[in-house]
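Below: one structure, written as structure tokens.
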Amino acid sequence: MSLEIVQIKSLSGGNFSYLVFCPRSREGMIIDPSFAAEELLARAAEKNLRVLLVANTHGHRDHTEGNRRIMAASGALLAASPLDLPQPDIPLAEGSVLKLGEETIHVLHTPGHSPGSLCFLLPPGDLVTGDTLFVTKAGRADLPGGNPRELYASLKRLAALPESTRIHPGHDYGPSPVSTIAFEKEHNPYLRCADVEEFIRLRMG
Ligand SMILES: [Zn+2]
């Protein structure tokens with residue numbers, strides 16, 4: 001049995017939040033509460049879940065908004081990169097793992113949009129990508145701490161995942177709310193650049 005994923009969109013900013021849970025143990029985690037804290041808590045209660053963790057894909061305010069509300073209501077611990085958020089309860093880096101019941105979530109460090117940007121890989125084939133990879137688009141690299149060369153390397157790495165991997169992005173910026181690596185390799189211009197120079201022209205131009 002694998003983890004289940006509920007995607008919730010905030011009206012403000014088109015942010016996507018995720019409620020991830022193990023259907024057997026009823027242990028859950030919320031990724032990027034954004035402006036949907038109340039709805040996430042309601043959905044977790046409806047499903048009779050214990051929310052153990054709040055995790056952030058990165059430290060930008062539109063994603064971390066709602067952290068405190070979820071933590072206060074559930075007692076959840078904060079899991080994030082210390083490169084983006086000061087002193088999280090559970091500091092995450094490349095290779096970190098999180099457990100929900102019997103299920104394991106793998107952490108990929110994918111810098112470029114921000115120094116501590118992370119993606120969460122939920123086996124067998126779901127990837128929560130934050131603001132690194134969107135459906136047909138990519139995150140900005142011109143914000144403080146952003147780095148287009150790092151972002152290019154992170155996107156190349158994601159593009160090398162199995163083509164059936166499903167993409168769950170941090171904003172609703174594309175023609176559909178989710179996609180796959182196969183779809184992105186075909187339709188995302190940022191994954192189709194011939195080299196890093198072309199990517200930088202497209203991303204920073
Ligand atoms: Zn961001």
Subject >> Segment VAL97-GLU38, length gained on full extension (0.36 nm per residue, minus Cα span) >> reply: 18.5 nm
Original post:
What is the Cα centroid distance between segment 106-147 and segment 179-205, reported in whole angstrom?
Top reply: 14
Subject >> For the chain, diffusion coefficient by Stokes-Einstein and Kirkwood Rh (Cα), 4 °C, 1.567 mPa s, µm²/s >> reply: 77
**OP:** Please tell me the relative contact order of the chain in percent, rounded to the nearest whole number, where contacts are Cα pairs under 8 Å and at least six residues apart.
**Re:** 15
Original post:
For ALA72 and ILE5, what is the calculated FRET efficiency with R₀ set at 35 Å and r taken between the beta-carbons, to the nearest 0.05?
Top reply: 0.90
**OP:** Tell me the trypsin sites (Lys or Arg not before Pro) within segment 147-205 that lie in a loop according to DSSP and have at most 16 other beta-carbon atoms within 10 Å.
**Re:** ARG192
Subject >> Candidate aspartates and glutamates for bridging to LYS185, where Cα separation is under 12 Å - those fewer than 8 sequence places away on the same chain excluded >> reply: GLU163
**OP:** Could you check which residue among CYS22, CYS119, CYS193 shows the biggest mean-square fluctuation in a GNM of the chain with a 10 Å Cα cutoff?
**Re:** CYS193
**OP:** Over the Cα atoms of segment 107-176, compute the convex hull volume and normalise it per residue, giving Å³.
**Re:** 76
Original post:
Under Stokes-Einstein, with the Kirkwood radius over Cα pairs standing in for Rh, what whole-number D in µm²/s applies to segment 1-76 at 37 °C and 0.692 mPa s?
Top reply: 273
Subject >> Relative contact order computed over segment 132-173 (Cα-Cα under 8 Å; 6+ residues apart), in percent >> reply: 59
Subject >> lysines whose Cα lies under 25 Å from that of LYS47, excluding same-chain neighbours fewer than 8 positions away >> reply: LYS9, LYS99
Original post:
If we count GluC sites (Glu not before Pro) as exposed when they sit in a DSSP loop and have at most 12 other beta carbons within 10 Å, what is the longest stretch of the chain that avoids them all?
Top reply: 103-205
Original post:
Which residue, TYR152, TYR18, TYR173, tops the fluctuation ranking in a GNM of the chain built on C-alpha contacts under 10 Å?
Top reply: TYR173
Original post:
Do the sum for the chain: with -39,500 (n - 2.57) for every DSSP H run of n ≥ 4, divided by all residues, what is the mean residue ellipticity at 222 nm, to the nearest 500 deg cm²/dmol?
Top reply: -6500 deg cm²/dmol
Original post:
In segment 4-204, what % of DSSP beta bridges are antiparallel (nearest 5)?
Top reply: 65
**OP:** Run the 1.4 Å probe and let me know the accessible area of MET204, rounded to the nearest 10 Å².
**Re:** 80
Original post:
Using a Förster distance of 30 Å, how high is the FRET efficiency between ASN48 and SER12, based on the Cβ-Cβ distance and rounded to 0.05?
Top reply: 0.55
Subject >> Square roots of five times the Cα gyration tensor eigenvalues for segment 83-203, Å >> reply: 23, 18, 12
Original post:
When the accessible area of the chain is split by element with a 1.4 Å probe, what percent falls to carbon and sulfur?
Top reply: 53
**OP:** Express the accessible area of the chain per residue in Å², computed with a 1.4 Å probe while the remaining protein chains stay in the model.
**Re:** 44
Original post:
Expressed as a rounded percentage, what relative contact order does segment 101-182 have, with Cα pairs under 8 Å and six or more residues apart?
Top reply: 30
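The values are calculated or read from the model by the stated rules, or taken from the named source; none is laboratory data. Just so it is clear, the model here is predicted, and its values are computed rather than measured. Using ideal geometry, Cβ is built from the backbone for each residue, glycine included, and neighbour counts are taken over all protein chains shown. With ligands, DNA and RNA removed, areas are computed over all heavy atoms of the protein, side chains included. Shrake-Rupley method; radii C 1.70, N 1.55, O 1.52, S 1.80 Å.
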